[in-house]
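Only one structure is covered here, and it is reproduced in the block below.
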Amino acid sequence: MQHTVHKPAGTRPIAIEVDGEPQGVVVPAPEGFRFLAVRFNAFGIDGQTFATVEAAQLAASRALGQVATQ
């Protein structure tokens, strides 16, 4: 017997990279996008929720010291 799992559209993780290196993924959450770190340097923002994927990307860059805070 074959089982089919139906996932809602848009639930696939989106990779977040800094300087070409994967730092984590974001997954859609009711509040926005939740960041899940895959590298030690990004663990400072692990579990945080961001309004947009771009906001998560910026936070990952800042966590690695790649972008100056304003």
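The values are calculated or read from the model by the stated rules, or taken from the named source; none is laboratory data. Quantities reported herein were computed from a predicted structural model and do not represent experimental measurements. Backbone-built Cβ (ideal geometry, glycine too); neighbour counts: all protein chains shown.
Do you know which residues across the range 14-53 are among the β-branched types (V, I, T) and not in a strand (DSSP E or B)? V38, I45, T52, V53 - these are the residues of the range 14-53 that are among the β-branched types (V, I, T) and not in a strand (DSSP E or B).
Take the range 23-55 and flag every residue that is hydrophobic (A, V, I, L, M, F, W, C) and out of contact with any helix residue (DSSP H, G or I) (no Cβ under 7 Å at 6 or more places or on another chain). Selection gives V25, V27, A29, L36, V38, F40, F43, A51, V53, A55. Residues that are under 14 Å from A59 (Cα atoms) and of a type in the set (F, W, Y) were ranked within the range 1-44; the one that is modelled with the lowest pLDDT is F43.
Restricting attention to the range 19-70, and to residues there that are among the β-branched types (V, I, T) and free of Cβ contacts under 8 Å to residues at least 24 places away in the same chain, which single residue is surrounded by the fewest Cβ atoms within 10 Å (Cβ to Cβ)?
T69
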